[in-house]
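The values are calculated or read from the model by the stated rules, or taken from the named source; none is laboratory data. Note that the structure is a prediction, hence the values are computed from the model and not measured. When we count neighbours, we look across all protein chains shown, and the Cβ atoms used for this are built from the backbone with ideal geometry, even at glycine.
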Amino acid sequence: METVFDKKHQMTVDEKIAVLGFEEITPDHLEGWTQRDHYGLLYNLYTYRGDTKTAQHYADLIPNDVRKIFGLLNHDHATSRV
């Protein structure tokens, strides 16, 4: 299962706070989450980073995601970055 904790994503402390809501979080905190849930976190991570292409990739992996239906992709964090 792919998660935000995979080394290839290399989340910073600021990203953990922005995307997950916590500075210190481990995979155990997300136990029981589905692959769909993790794709949603990855979508949020890459949207926060401003990487719309990768964010779109993860959004496309989420079946029946409401953001696709209403065309809200790549907007979540784009206007809330400090």
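Between E15, E2, which is under 19 Å from I62 (Cα atoms), modelled with pLDDT of 85 or more and of a type in the set (D, E, K, R)? Break it down stepwise before answering.
Details: E15 fails: under 19 Å from I62 (Cα atoms).
That would be E2, the only listed residue that is under 19 Å from I62 (Cα atoms), modelled with pLDDT of 85 or more and of a type in the set (D, E, K, R).
Is it fair to say H75 is part of a loop (DSSP other than H, G, I, E, B) and either out of contact with any helix residue (DSSP H, G or I) (no Cβ under 7 Å at 6 or more places or on another chain) or at pLDDT below 90 (or both)? Steps first, answer last, please.
Values: part of a loop (DSSP other than H, G, I, E, B): yes; either out of contact with any helix residue (DSSP H, G or I) (no Cβ under 7 Å at 6 or more places or on another chain) or at pLDDT below 90 (or both): yes.
Yes, satisfied.
Across segment 28-49, what is the total count of residues that are surrounded by 12 or more Cβ atoms within 10 Å (Cβ to Cβ) and out of contact with any helix residue (DSSP H, G or I) (no Cβ under 9 Å at 6 or more places or on another chain)?
2
Inside segment 12-52, can you point out the residues that are part of a helix (DSSP H, G or I) and β-branched (V, I, T)? It would help to see each step written out before you state the result.
The first filter runs over segment 12-52 and keeps only residues part of a helix (DSSP H, G or I), leaving 13-20, 27-30, 35-49, 52.
Those that are part of a helix (DSSP H, G or I) and β-branched (V, I, T): V13, I17, V19, T47, T52.
Considering only segment 18-42, how many residues are of a type outside the set (A, V, I, L, M, F, W, C) and within 20 Å of H57 (Cβ to Cβ)? Lay out the reasoning, then the answer.
Pass one, segment 18-42, residues of a type outside the set (A, V, I, L, M, F, W, C): 21, 23-24, 26-29, 31-32, 34-40.
In the following step, the residues that additionally are within 20 Å of H57 (Cβ to Cβ) were identified as 34-40.
Residues in segment 18-42 being of a type outside the set (A, V, I, L, M, F, W, C) and within 20 Å of H57 (Cβ to Cβ): 7 in total.
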